[in-house]
Amino acid sequence: MATYNEIYNIWATGSTLKNKVIVACVQAASTVFNENANTASHAERIVWANQVLADPTKQAQRMLWGVCLNASVQSAGEAVADATLQTVVDNLVTFFALH
């Protein structure tokens, strides 16, 4: 696990990571729009997805701490693979949709 200072540095200075999170959020929003209406918290997830499309940078910034706390992201930093990052973001969608 990364130290708190290392996690902070990933969050604060990772411009490449921030850009990747923006794209991952937009991709996750697209997935939400195509998911089954019976998906848990679907209505809230749709609201989140609309917020992402309205201001992807703002929603990605909200999610960035959650992303930076993931062990895979901590290990790889800005070099985290797109697929890994997408999984991390996808797994955070419901949390951010509900909070």
Number of the exception - Trp65 against (1) touching a helix residue (DSSP H, G or I) at 6+ places or on another chain (Cβ under 6 Å); (2) modelled with pLDDT under 95; (3) surrounded by fewer than 17 Cβ atoms within 10 Å (Cβ to Cβ): (1)
Residue pairs qualifying under the 6 Å Cβ cut-off, at least six apart or on distinct chains, with the first in region 70-81 being touching a residue at least 24 places away in the same chain (Cβ under 8 Å) and the second being in a loop (DSSP other than H, G, I, E, B), are Val73/Val80; Gln74/Ala2; Glu78/Gly14
Restricting to region 72-85, and then to whatever is touching a Lys or Arg at 6+ places or on another chain (Cβ under 9 Å) and either of a type in the set (Asp, Glu) or part of a helix (DSSP H, G or I) (or both), can you tell me which residue is nearest to Val21 (Cα to Cα)? Leu85
Which pairs have Cβ atoms under 6 Å, sit 6 or more apart or on different chains, and link a residue in region 1-24 that is under 18 Å from Asp90 (Cβ atoms) to one that is surrounded by 17 or more Cβ atoms within 10 Å (Cβ to Cβ) and among the aliphatic types (A, V, I, L, M)? Lys20/Leu85; Val21/Ala60; Val21/Leu64; Val21/Val67; Ile22/Ala60; Ala24/Leu85; Ala24/Val89
On the basis of being at pLDDT 95 or above and either in contact with a strand residue (DSSP E or B) (Cβ under 6 Å, 6 or more places away or on another chain) or closer than 23 Å to Ser15 by Cβ (or both), does Thr87 make the cut? yes
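A quick yes/no check of all residues on (1) aliphatic (A, V, I, L, M); (2) under 26 Å from Ala2 (Cα atoms):
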position: Ala24; (1), (2): yes, yes
position: Thr31; (1), (2): no, no
position: Ala43; (1), (2): yes, no
position: Asn50; (1), (2): no, no
position: Asp55; (1), (2): no, no
position: Phe96; (1), (2): no, yes
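The values are calculated or read from the model by the stated rules, or taken from the named source; none is laboratory data. Here the structure is a predicted model, which is why all the values come from computation and not from measurement. Glycine gets a Cβ as well: all are built from the backbone with ideal geometry, and neighbour counts include every protein chain shown.
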